[in-house]
Amino acid sequence: MFCEVKPKERAGVINPIFTCQPCGAQYASIGIKECIGIVHGGQGCVMFVRLLFSQHFKESFELASSSLHEDGAVFGAIHRVEEAVDVLLMRYPHVKVVPIISTCSTEVIGDDIDGVVRKLNNGLLQEKYAGRKVHLIPIHTPSFKGSQVTGYDVAVEDFVRYFAKKGEPNGKINLITGWVNPGDVTALKQLLAAMEVDATVLFEIESFDSPLMPAGNVVSHGNTTVADLEDTANALGTIALNRYEGGKAARYLETEFGVPAVIGPTPIGIRNTDTFLQHVKNLTGKPIPQSLVQERGVAIDALTDVAHMFLADKKVAIYGHPDLVIGLAEFCLDLEMKPVLLLLGDDNTAYPKDPRIKALQENVDYPMEIIMNADLWELENRIKNEGLALDLILGHSKGRFISIDNNIPMVRVGFPTYDRAGLFRHPVVGYAGAIWLGEQMANMLFTDMEYKKHREWILNVW
């Protein structure tokens, strides 16, 4: 077998690819309008996550902390949640949705966030905030297992479980985007608009790219409403673009309300975008218009310009969120490139059963490693000590020093990317994303050639 799927052999972690589950839950929460999450844990559990968001988007986001201290870790800190909810509701009269997001410390000491939500619903909300509709939602995201990826998946499911209500059919589809950028949401909405398909987007984060206005700064926040979440039970179907970032919510809506679920593939590249549009067509009965056929043709032409001559046989390492990594690997294979190392950075035991990974194992005809529960040392060690030769790295900014230290060109993609300007505005999904990614990779290789003073490009010719 050319393609091996195996766990990281070391017990420790050196330079992790991801951060923890509460980060993913916080990312989901900022996609909901009139929502501010309270993270039940130390202040760092919010501060460092907000820093990541701000580094990536260059915007400010509102998140709250119960500010757990040493005494709470010994004696319990559920009273801090009660105080946090009260202060938050007083300070922000517009807030309607308050997820209570647990952390490793509060899960270890056993604080009952479900119980405190019941207490607050029967006490504080009726006594002090009577007449004001507030939704308190416990979200369990212990940091000692999973990652920001599973935390996002858990939170999306919890939001949908809490809000979804059966009513009249709405003629829409639910589109669960996963952990994407504003540019991706824009590109997806343009594809749906071309097909005249109405969708409830979970989560509507185009507004994360916030304007500076004469009246003052705008705090970034998503635009998915409570009504949108409630109406997810009445859709024609649900398309979750990512198996590990929204798949649980899609399956819940199918099981509980009979809303058909389509999970993946992530629409990165031509073939996966084709599949996405076919799923939309099957769910809605709407035809794929000639305008999208034209857009597809432009993308194929653009990729043909760079694929065989410049990208073919280039060896690539890819790390990041699992659906993104697998989608990028499939795209690279379609461009005749050779992804030789895929790093999946958490402890999800389902990866070997993923049909996309099984397809790689069946079809790849050169040595490829897929490492589960990986860290960035897996990449660095192979380059420095095991002789792994690479032409390109695809991943987020946390791995930039591996690129710098080893003189390997790198295209920034994924979360977080903070050492390049404005990448969150550019899609990696859809036909537009395929063009952008293909040309980014080619241009990065051209730039590397100039940096290393290679005057002639080694062309791939028949």
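Taking amide H atoms as placed 1.01 Å from N in the peptide plane, list the residues 5 or more away in sequence, or in a different chain, whose amide H sits under 5 Å from that of G264.
Here the answer is A240, L241, N242, since their amide H atoms fall under 5 Å of that of G264.
Which ³J(HN,Hα) values, rounded to whole Hz and listed in residue order, are derived for the range 78-89 from phi using the Karplus coefficients 6.51, -1.76 and 1.60 in 6.51 cos²θ - 1.76 cosθ + 1.60 with θ = phi - 60°, glycine and proline given as x?
Computed from phi, the couplings for the range 78-89 are 5, 5, 5, 5, 4, 5, 5, 4, 4, 5, 4, 5 Hz.
Could you order the peptides 357-364, 58-65, 436-443, 337-344 from most to least packed, using the average number of other C-beta atoms within 10 Å per residue? Please report the intermediate quantities before stating the final value.
Working: 357-364: 15.2, 58-65: 18.2, 436-443: 20.4, 337-344: 24.2.
Going from most to least packed, we get 337-344, 436-443, 58-65, 357-364.
Given the options G167, P322, I268, identify the residue whose Cα lies farthest towards the positive end of the charge dipole of the chain (+1 on Cβ of Lys, Arg; -1 on Cβ of Asp, Glu).
Result: G167, furthest along the dipole toward the positive end.
Restricting to Cα pairs below 8 Å that are 6+ residues apart, what does the relative contact order work out to for the range 341-385? Please round to a whole percent. Can you show the working numbers first?
Working: 36 pairs, mean separation 27.2, N = 45.
In percent, rounded to a whole number, it is 60.
Which ³J(HN,Hα) values, rounded to whole Hz and listed in residue order, are derived for the range 300-315 from phi using the Karplus coefficients 6.51, -1.76 and 1.60 in 6.51 cos²θ - 1.76 cosθ + 1.60 with θ = phi - 60°, glycine and proline given as x?
Computed from phi, the couplings for the range 300-315 are 4, 4, 4, 6, 4, 5, 10, 5, 5, 6, 10, 9, 4, 6, 5, 8 Hz.
Testing the spin-label approximation: label points 7 Å from Cα along Cα→Cβ at M47 and K145. State their distance in nm.
3.0 nm
Under 24 Å between alpha carbons: how many lysine pairs meet that in the range 21-146, if sequence neighbours fewer than 8 apart on the same chain are excluded?
For the range 21-146, the number of qualifying lysine pairs is 9.
With a sphere of radius 14 Å drawn around the Cβ of L283, what net charge do the other residues whose Cβ falls strictly inside it have (Lys, Arg +1; Asp, Glu -1)? The partial results should precede the final answer.
On the way: positive: K172, K281, K286; negative: E196, D198, E254.
Spelling it out: positives minus negatives among the neighbours equals 0.
Give me the percent of DSSP beta bridges within the range 21-146 that run antiparallel, rounded to the nearest 5. Numbers along the way, then the final one.
Working: 0 of 11 bridges.
The antiparallel proportion sits near 0 percent.
Treating the angle as unsigned and between 0 and 90°, give the value, to the nearest 10°, between the Cα long axis of helix 247-257 and the longest Cα principal axis of the chain.
Taking Cα atoms only, the helix is inclined about 50 degrees.
Rounding to the nearest 20 debye, state how big the charge dipole of the range 156-271 is about its Cα centre with +1 on each Lys and Arg Cβ and -1 on each Asp and Glu Cβ.
Details: 9 positive and 15 negative charges, 64 e Å.
The calculation lands at about 300 debye.
P(r) of the chain in 20 Å steps, Cα pairs, percent per bin?
24, 56, 19, 1
With Cβ to Cβ distances under 13 Å as the rule, what net charge do the other residues near T106 carry (K, R +1; D, E -1)?
Details: positive: R80; negative: E107, D111, D112, D114.
Value of the local net charge: -3.
Identify the GluC sites (Glu not before Pro) of the range 186-265 meeting these criteria: DSSP loop state and at most 10 other C-beta atoms within 10 Å of the C-beta.
Here the sparse-neighbourhood loop sites are E196.
Ranking C20, C3 by Cβ neighbours within 10 Å, fewest first, what do you get? Write out the running numbers ahead of the final one.
Details: C20 24, C3 21.
With the fewest neighbours first, C20, C3 line up as C3, C20.
Calculated from DSSP H runs of 4 or more alone, at -39500 (n - 2.57) each and per residue, what is the 222 nm mean residue ellipticity of the chain, nearest 500? Mind showing how you got there, number by number?
On the way: 18 runs with 201 residues, N = 462.
Calculated at 222 nm, the ellipticity per residue is -13000 deg cm²/dmol.
Return the aspartates and glutamates within reach of K338: Cα separation strictly under 12 angstrom, same-chain partners fewer than 8 residues apart disregarded; answer none if there are no such residues.
List returned: D313, E330, D365, E369, D391.
For the chain, with only Lys/Arg (+1) and Asp/Glu (-1) charged at the beta-carbon, what is the dipole magnitude about the Cα centre, in debye rounded to 20?
Details: 43 positive and 57 negative charges, 59 e Å.
With only Lys, Arg, Asp and Glu charged at Cβ, the dipole is about 280 debye.
Where does each of 346-354, 233-241 land if you order them by average Cβ count within 10 Å, highest first? Please list the in-between numbers first.
Details: 346-354: 15.8, 233-241: 23.6.
In decreasing order of mean packing, 346-354, 233-241 become 233-241, 346-354.
Go through 415-425, 146-156 and give me the packing order, highest mean Cβ count within 10 Å leading.
Values: 415-425: 17.6, 146-156: 26.6.
Result, highest mean first: 146-156, 415-425.
Give the order of H94, H454, H426 when sorted by the count of other beta carbons within 10 angstrom, beginning with the fewest. Walk me through the numbers on the way to the answer.
Working: H94 7, H454 11, H426 19.
Result, fewest neighbours first: H94, H454, H426.
For K145, what is the net charge nearby, where nearby means another residue's Cβ is under 12 Å from its Cβ and Lys, Arg count +1, Asp, Glu -1? Before the final figure, lay out each step's value.
Values: positive: none; negative: E107, D346, D347.
Computed value for this residue: -3.
With the cut-off at 1.5 for a/c, could you classify the range 21-146 from its C-alpha gyration tensor as rounded, prolate or oblate?
Oblate, since a/c reaches 1.5 and b/c is not below a/b.
Distances over 25 Å make up what percent of all Cα-Cα pairs in the range 173-287?
Taking all Cα-Cα pairs of the range 173-287, the fraction more than 25 Å apart is 21 percent.
Given an 8 Å cut-off on Cα distances and at least 6 residues of separation, report the relative contact order of the chain as a percent. Each step should come with its number before you reach the end.
Values: 912 pairs, mean separation 87.7, N = 462.
The value is 19 percent.
Counting only residues 5 or more places away or on other chains, whose amide H sits under 5 Å from the amide H of G41 once H atoms are built in the peptide plane?
Sorted by chain and number, the residues that satisfy this are S66, S67, L68.
Counting other C-beta atoms within 10 Å, which of V201, V306, V219 has the fewest, and how do the rest follow?
So the residues, fewest neighbours to most, are V219, V306, V201.
Using Cα pairs closer than 8 Å and at least 6 residues apart in sequence, work out the relative contact order for the range 388-442, in percent. Please list the in-between numbers first.
Numbers: 51 pairs, mean separation 15.4, N = 55.
Worked out over the range 388-442, it gives 28 percent.
FYI, it's all coordinate maths here, none of it is from the lab. Since we're looking at a predicted model, the values are computed, not measured. Reconstructed Cβ throughout: ideal geometry from the backbone, glycine too, with neighbour counts over all protein chains shown.
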